[in-house]
Ligand code: TXA
Ligand code: MG
(Lines give C-alpha, C1' and ligand atoms only; values in the text may rest on other atoms or scores of the structure.)
(Ligands and ions follow the chains in the order given, each with its own letter.)
Protein backbone atom coordinates (compact mmCIF):
# COMPACT_ATOMS: atom_id res chain seq x y z
CA UNK A 1 0.00 0.00 0.00
CA UNK A 2 2.80 2.41 0.89
CA UNK A 3 4.65 1.54 -2.31
CA UNK A 4 1.56 2.52 -4.30
CA UNK A 5 1.48 5.94 -2.61
CA UNK A 6 -0.83 5.07 0.29
CA UNK A 7 -0.87 6.45 3.82
CA UNK A 8 -0.24 4.00 6.67
CA UNK A 9 0.08 4.88 10.35
CA UNK A 10 2.57 2.81 12.31
CA UNK A 11 4.10 2.66 15.78
CA UNK A 12 7.59 3.93 16.48
CA UNK A 13 9.16 3.87 19.94
CA UNK A 14 8.12 7.52 20.48
CA UNK A 15 4.61 7.98 19.07
CA UNK A 16 2.62 6.63 16.09
CA UNK A 17 3.65 8.18 12.80
CA UNK A 18 1.65 8.70 9.59
CA UNK A 19 3.90 7.15 6.97
CA UNK A 20 4.10 7.76 3.23
CA UNK A 21 6.85 7.41 0.62
CA UNK A 22 9.24 10.33 1.13
CA UNK A 23 10.00 10.59 -2.61
CA UNK A 24 6.33 10.55 -3.73
CA UNK A 25 5.12 14.16 -3.91
CA UNK A 26 1.45 13.15 -4.19
CA UNK A 27 1.64 10.89 -1.15
CA UNK A 28 3.41 13.63 0.82
CA UNK A 29 0.67 16.09 -0.16
CA UNK A 30 -1.94 13.65 1.13
CA UNK A 31 -0.11 13.48 4.49
CA UNK A 32 -0.42 17.25 4.91
CA UNK A 33 -4.09 17.11 3.91
CA UNK A 34 -4.96 14.19 6.23
CA UNK A 35 -3.37 15.94 9.22
CA UNK A 36 -4.61 19.43 8.34
CA UNK A 37 -0.96 20.39 8.71
CA UNK A 38 0.29 23.88 7.79
CA UNK A 39 2.51 23.65 4.71
CA UNK A 40 5.31 25.62 6.43
CA UNK A 41 5.93 22.77 8.91
CA UNK A 42 8.43 20.27 7.44
CA UNK A 43 8.31 16.48 7.87
CA UNK A 44 10.87 14.02 9.24
CA UNK A 45 12.32 11.50 6.78
CA UNK A 46 12.55 8.07 8.44
CA UNK A 47 15.18 5.59 7.31
CA UNK A 48 15.75 1.93 8.10
CA UNK A 49 19.46 2.38 8.55
CA UNK A 50 21.77 5.31 9.35
CA UNK A 51 23.92 4.23 6.40
CA UNK A 52 21.24 5.62 4.04
CA UNK A 53 21.36 9.12 5.51
CA UNK A 54 23.76 10.34 2.84
CA UNK A 55 21.13 9.74 0.14
CA UNK A 56 18.82 12.44 1.50
CA UNK A 57 21.19 14.65 3.50
CA UNK A 58 24.73 15.89 3.72
CA UNK A 59 26.09 14.14 6.81
CA UNK A 60 28.00 16.72 8.86
CA UNK A 61 30.67 15.70 11.37
CA UNK A 62 28.32 16.46 14.25
CA UNK A 63 25.53 14.54 12.51
CA UNK A 64 27.73 11.49 11.98
CA UNK A 65 28.69 11.37 15.67
CA UNK A 66 25.09 11.78 16.78
CA UNK A 67 23.88 9.00 14.50
CA UNK A 68 26.71 6.71 15.63
CA UNK A 69 25.78 7.28 19.28
CA UNK A 70 21.98 7.40 19.19
CA UNK A 71 20.64 5.69 16.03
CA UNK A 72 18.43 3.79 15.93
CA UNK A 73 16.45 5.56 18.60
CA UNK A 74 14.31 8.55 19.60
CA UNK A 75 16.56 11.14 17.93
CA UNK A 76 15.94 13.29 14.84
CA UNK A 77 18.91 15.01 13.23
CA UNK A 78 18.53 18.15 11.10
CA UNK A 79 21.12 18.22 8.31
CA UNK A 80 21.70 20.10 5.05
CA UNK A 81 19.30 18.57 2.50
CA UNK A 82 20.41 16.91 -0.71
CA UNK A 83 18.34 17.71 -3.78
CA UNK A 84 15.73 15.17 -4.86
CA UNK A 85 13.07 15.18 -2.17
CA UNK A 86 9.69 16.78 -2.94
CA UNK A 87 9.92 20.41 -1.69
CA UNK A 88 6.89 19.88 0.56
CA UNK A 89 8.90 17.45 2.74
CA UNK A 90 11.29 20.18 3.87
CA UNK A 91 8.73 23.00 3.53
CA UNK A 92 11.21 24.60 1.15
CA UNK A 93 14.03 24.76 3.74
CA UNK A 94 17.63 23.95 2.84
CA UNK A 95 17.74 21.39 5.67
CA UNK A 96 16.07 18.01 6.16
CA UNK A 97 15.19 16.17 9.39
CA UNK A 98 16.24 12.50 9.48
CA UNK A 99 15.36 9.81 12.01
CA UNK A 100 16.15 6.11 12.27
CA UNK A 101 13.48 4.55 14.50
CA UNK A 102 14.05 1.51 16.66
CA UNK A 103 10.56 -0.01 17.02
CA UNK A 104 10.20 -3.40 15.26
CA UNK A 105 7.13 -2.58 13.12
CA UNK A 106 8.66 0.67 11.91
CA UNK A 107 11.97 -1.03 11.10
CA UNK A 108 10.28 -3.91 9.28
CA UNK A 109 8.21 -1.49 7.20
CA UNK A 110 11.17 0.73 6.31
CA UNK A 111 13.15 -2.32 5.21
CA UNK A 112 10.63 -2.94 2.41
CA UNK A 113 9.64 0.62 1.49
CA UNK A 114 12.77 2.77 1.76
CA UNK A 115 12.57 6.35 3.09
CA UNK A 116 9.21 7.34 4.61
CA UNK A 117 7.97 10.65 5.90
CA UNK A 118 6.17 10.13 9.21
CA UNK A 119 4.80 13.05 11.17
CA UNK A 120 2.96 12.17 14.35
CA UNK A 121 -0.33 10.54 13.27
CA UNK A 122 -2.66 13.10 14.87
CA UNK A 123 -4.78 15.88 13.42
CA UNK A 124 -2.59 18.99 13.52
CA UNK A 125 -2.71 20.63 16.97
CA UNK A 126 -3.95 17.50 18.79
CA UNK A 127 -1.84 15.38 21.14
CA UNK A 128 0.38 12.85 19.37
CA UNK A 129 -1.08 9.32 19.33
CA UNK A 130 0.55 6.65 21.47
CA UNK A 131 -1.96 3.91 20.54
CA UNK A 132 -3.48 2.79 17.23
CA UNK A 133 -6.93 3.58 18.64
CA UNK A 134 -5.87 7.21 19.12
CA UNK A 135 -4.75 7.30 15.47
CA UNK A 136 -8.21 6.21 14.34
CA UNK A 137 -9.89 8.73 16.65
CA UNK A 138 -8.19 11.51 14.71
CA UNK A 139 -7.64 10.14 11.21
CA UNK A 140 -10.16 7.37 10.43
CA UNK A 141 -11.47 8.03 6.93
CA UNK A 142 -8.41 10.14 6.01
CA UNK A 143 -5.77 7.38 5.88
CA UNK A 144 -5.53 3.96 4.24
CA UNK A 145 -4.39 1.82 7.17
CA UNK A 146 -2.93 1.67 10.65
CA UNK A 147 -0.64 -1.08 11.96
CA UNK A 148 -2.20 -2.23 15.24
CA UNK A 149 0.98 -2.31 17.28
CA UNK A 150 1.60 -1.79 20.99
CA UNK A 151 1.30 1.39 22.99
CA UNK A 152 4.50 3.31 22.26
CA UNK A 153 7.34 2.95 24.76
CA UNK A 154 8.51 6.56 25.15
CA UNK A 155 5.23 8.42 24.62
CA UNK A 156 6.81 11.78 23.68
CA UNK A 157 8.10 12.74 20.23
CA UNK A 158 11.79 12.37 19.36
CA UNK A 159 14.50 14.83 20.35
CA UNK A 160 15.07 17.09 17.32
CA UNK A 161 18.69 18.24 17.07
CA UNK A 162 20.10 20.72 14.57
CA UNK A 163 23.41 19.20 13.47
CA UNK A 164 24.30 21.77 10.82
CA UNK A 165 26.65 23.72 13.12
CA UNK A 166 29.71 23.00 15.25
CA UNK A 167 27.71 21.75 18.22
CA UNK A 168 24.28 20.08 18.50
CA UNK A 169 21.39 22.44 19.11
CA UNK A 170 18.25 20.88 20.61
CA UNK A 171 15.16 22.20 18.81
CA UNK A 172 12.67 19.89 20.53
CA UNK A 173 13.53 18.03 23.78
CA UNK A 174 12.87 14.29 23.92
CA UNK A 175 14.10 11.02 25.35
CA UNK A 176 17.65 11.61 24.11
CA UNK A 177 18.41 14.17 26.80
CA UNK A 178 20.62 17.25 26.75
CA UNK A 179 22.76 15.55 29.43
CA UNK A 180 23.34 12.61 27.10
CA UNK A 181 24.22 14.96 24.22
CA UNK A 182 26.60 16.96 26.42
CA UNK A 183 28.51 13.80 27.32
CA UNK A 184 29.49 13.67 23.66
CA UNK A 185 29.53 17.41 22.96
CA UNK A 186 30.11 19.57 26.07
CA UNK A 187 28.95 22.61 24.04
CA UNK A 188 25.55 21.13 23.15
CA UNK A 189 22.68 23.40 24.13
CA UNK A 190 18.97 23.83 23.74
CA UNK A 191 17.53 26.56 21.54
CA UNK A 192 16.22 29.59 23.44
CA UNK A 193 12.47 29.80 23.58
CA UNK A 194 11.05 32.61 21.46
CA UNK A 195 12.68 34.13 18.41
CA UNK A 196 15.49 31.62 17.93
CA UNK A 197 13.12 28.68 18.33
CA UNK A 198 10.64 30.16 15.87
CA UNK A 199 13.35 30.72 13.28
CA UNK A 200 15.07 27.36 13.54
CA UNK A 201 12.24 25.03 14.47
CA UNK A 202 9.14 25.58 12.35
CA UNK A 203 7.01 23.18 14.39
CA UNK A 204 7.31 25.26 17.53
CA UNK A 205 5.44 28.14 15.89
CA UNK A 206 2.26 26.15 15.96
CA UNK A 207 0.15 25.23 18.97
CA UNK A 208 0.81 21.63 19.91
CA UNK A 209 -0.09 18.72 22.06
CA UNK A 210 -3.23 20.33 23.40
CA UNK A 211 -6.31 18.47 24.58
CA UNK A 212 -9.67 20.23 24.50
CA UNK A 213 -9.69 20.35 28.32
CA UNK A 214 -7.82 23.24 29.93
CA UNK A 215 -4.46 22.06 31.27
CA UNK A 216 -3.31 23.58 34.55
CA UNK A 217 0.31 22.99 35.57
CA UNK A 218 0.46 22.50 39.36
CA UNK A 219 3.54 22.11 41.58
CA UNK A 220 2.21 19.38 43.85
CA UNK A 221 -0.71 17.52 45.40
CA UNK A 222 -1.30 20.38 47.87
CA UNK A 223 -2.24 22.54 44.85
CA UNK A 224 -4.86 20.04 43.68
CA UNK A 225 -8.43 21.27 43.20
CA UNK A 226 -10.50 18.08 42.96
CA UNK A 227 -13.69 18.30 40.93
CA UNK A 228 -15.98 15.84 39.15
CA UNK A 229 -15.20 17.87 35.99
CA UNK A 230 -11.43 17.56 36.38
CA UNK A 231 -8.63 15.01 35.91
CA UNK A 232 -5.30 14.63 37.70
CA UNK A 233 -2.01 13.27 36.37
CA UNK A 234 1.25 13.34 38.27
CA UNK A 235 3.78 11.51 40.40
CA UNK A 236 1.90 12.07 43.68
CA UNK A 237 -1.59 10.91 44.61
CA UNK A 238 -4.09 13.78 44.74
CA UNK A 239 -6.84 14.20 47.34
CA UNK A 240 -10.08 12.38 46.42
CA UNK A 241 -12.68 13.93 44.15
CA UNK A 242 -11.17 13.91 40.64
CA UNK A 243 -13.14 12.20 37.86
CA UNK A 244 -9.97 10.64 36.39
CA UNK A 245 -6.62 10.02 38.08
CA UNK A 246 -3.27 8.72 36.87
CA UNK A 247 -0.40 8.48 39.34
CA UNK A 248 2.75 7.49 37.46
CA UNK A 249 5.55 5.58 39.21
CA UNK A 250 8.26 7.78 37.71
CA UNK A 251 8.93 10.45 35.07
CA UNK A 252 9.25 7.86 32.28
CA UNK A 253 5.87 6.37 33.20
CA UNK A 254 4.36 9.87 33.34
CA UNK A 255 5.71 10.65 29.86
CA UNK A 256 4.44 7.34 28.48
CA UNK A 257 0.94 7.92 29.87
CA UNK A 258 0.51 11.65 29.19
CA UNK A 259 -0.94 11.91 25.67
CA UNK A 260 -3.30 8.97 26.13
CA UNK A 261 -4.45 10.56 29.39
CA UNK A 262 -5.18 13.84 27.57
CA UNK A 263 -7.33 11.93 25.09
CA UNK A 264 -9.21 10.02 27.81
CA UNK A 265 -9.99 13.26 29.64
CA UNK A 266 -11.38 14.68 26.39
CA UNK A 267 -13.38 11.51 25.67
CA UNK A 268 -14.93 11.86 29.14
CA UNK A 269 -15.80 15.49 28.38
CA UNK A 270 -13.80 16.86 31.32
CA UNK A 271 -13.15 20.59 31.58
CA UNK A 272 -9.81 20.71 33.31
CA UNK A 273 -6.63 18.64 33.64
CA UNK A 274 -4.36 19.27 36.61
CA UNK A 275 -0.89 18.10 35.59
CA UNK A 276 1.80 17.96 38.26
CA UNK A 277 5.11 19.61 37.36
CA UNK A 278 8.30 17.51 37.52
CA UNK A 279 11.96 18.54 38.03
CA UNK A 280 13.49 19.73 34.75
CA UNK A 281 16.31 17.24 34.54
CA UNK A 282 16.76 14.31 32.13
CA UNK A 283 13.45 13.28 30.54
CA UNK A 284 11.70 15.80 32.81
CA UNK A 285 12.82 18.56 30.42
CA UNK A 286 10.83 17.03 27.53
CA UNK A 287 7.83 16.26 29.72
CA UNK A 288 7.69 19.83 31.06
CA UNK A 289 8.04 21.18 27.51
CA UNK A 290 4.91 19.25 26.44
CA UNK A 291 3.01 20.20 29.60
CA UNK A 292 3.80 23.90 29.07
CA UNK A 293 2.72 23.77 25.43
CA UNK A 294 -0.52 22.04 26.38
CA UNK A 295 -1.24 24.59 29.10
CA UNK A 296 -0.13 27.82 27.43
CA UNK A 297 -2.41 30.49 26.09
CA UNK A 298 -5.56 28.87 27.35
CA UNK A 299 -6.46 30.80 30.49
O1 TXA B 1 9.09 10.99 17.39
C2 TXA B 1 8.89 11.58 16.33
O3 TXA B 1 9.71 12.38 15.85
C4 TXA B 1 7.61 11.26 15.55
C5 TXA B 1 7.68 9.81 15.09
C6 TXA B 1 6.47 9.40 14.29
O7 TXA B 1 8.86 9.59 14.38
N8 TXA B 1 7.41 12.17 14.48
C9 TXA B 1 7.11 13.48 14.70
O10 TXA B 1 6.91 14.22 13.55
O11 TXA B 1 7.00 13.96 15.82
P12 TXA B 1 6.23 15.65 13.54
O13 TXA B 1 6.06 15.99 12.11
O14 TXA B 1 5.01 15.61 14.36
O15 TXA B 1 7.30 16.61 14.18
C16 TXA B 1 8.46 16.94 13.43
C17 TXA B 1 9.17 18.12 14.04
C18 TXA B 1 8.39 19.39 13.84
O19 TXA B 1 8.51 20.19 15.02
C20 TXA B 1 9.10 20.02 12.66
O21 TXA B 1 8.96 21.41 12.60
C22 TXA B 1 10.53 19.61 12.92
O23 TXA B 1 10.43 18.28 13.39
N24 TXA B 1 11.32 19.64 11.69
C25 TXA B 1 11.17 18.87 10.57
N26 TXA B 1 12.06 19.22 9.63
C27 TXA B 1 12.81 20.22 10.14
C28 TXA B 1 13.90 21.01 9.65
N29 TXA B 1 14.39 20.84 8.42
N30 TXA B 1 14.41 21.96 10.48
C31 TXA B 1 13.94 22.13 11.73
N32 TXA B 1 12.90 21.42 12.25
C33 TXA B 1 12.34 20.48 11.46
MG1 MG C 1 3.52 16.27 15.49
Out of segment 173-211, which residues are more than 15 Å from ligand 2 (Cβ to nearest atom), modelled with pLDDT under 75 and surrounded by fewer than 16 Cβ atoms within 10 Å (Cβ to Cβ)?
193, 194, 195, 196, 198, 199
May I ask you to list pairs of residues, at least six apart or on different chains, whose Cβ atoms are under 7 Å apart, with the first in segment 76-93 being in contact (Cβ under 8 Å) with a residue 12 or more places away in the chain and under 15 Å from residue 200 (Cβ atoms) and the second being more than 10 Å from ligand 1 (Cβ to nearest atom) and in a loop (DSSP other than H, G, I, E, B)?
77/163; 78/163; 79/58; 79/59; 79/60; 79/163; 80/58; 91/39
Of all residues being within 17 Å of the chain's Cα centre (by Cα) and assigned to a strand (DSSP E or B) in segment 76-108, which is surrounded by the fewest Cβ atoms within 10 Å (Cβ to Cβ)? Just the residue, please.
96
Among the residues of segment 22-33, is any out of contact with any strand residue (DSSP E or B) (no Cβ under 7 Å at 6 or more places or on another chain), closer than 13 Å to residue 143 by Cβ and either buried (at least 23 other Cβ atoms within 10 Å of the Cβ) or in contact (Cβ under 8 Å) with a residue 24 or more places away in the chain (or both)?
yes
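Determine, yes or no, whether residue 175 is part of a loop (DSSP other than H, G, I, E, B), over 30 Å from residue 64 (Cβ atoms), within 16 Å of ligand 1 (Cβ to nearest atom) and touching a residue at least 12 places away in the same chain (Cβ under 8 Å).
no
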Please tell me if residue 144 is surrounded by fewer than 23 Cβ atoms within 10 Å (Cβ to Cβ), more than 16 Å from ligand 2 (Cβ to nearest atom), farther than 23 Å from residue 283 by Cα and modelled with pLDDT of 95 or more.
yes
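Could you list, in sequence order, all residues of segment 144-163 that are away from ligand 1 (no atom under 13 Å from the Cβ) and part of a loop (DSSP other than H, G, I, E, B)? Even if it seems obvious, please write down each step before you answer.
Taking segment 144-163 first, the residues away from ligand 1 (no atom under 13 Å from the Cβ) are 144-145, 148, 150-151.
Across segment 144-163, the qualifying residues are 144, 148, 150, 151.
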Can you say whether residue 170 is assigned to a strand (DSSP E or B), modelled with pLDDT of 95 or more and crowded, with 17+ Cβ neighbours inside 10 Å, as far as the supplied structure shows?
yes
Restricting segment 112-130 to residues that are touching a strand residue (DSSP E or B) at 6+ places or on another chain (Cβ under 6 Å) and more than 9 Å from ligand 2 (Cβ to nearest atom), the residue that is nearest to residue 74 (Cα to Cα):
118
Evaluate the following for residue 73: is it surrounded by fewer than 16 Cβ atoms within 10 Å (Cβ to Cβ) and not in a strand (DSSP E or B)?
no
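The values are calculated or read from the model by the stated rules, or taken from the named source; none is laboratory data. Predicted, not measured: the structure shown is a model, and the values here were computed from it. So basically every Cβ, Gly included, is an ideal-geometry build from the backbone, and we count neighbours across all protein chains shown.
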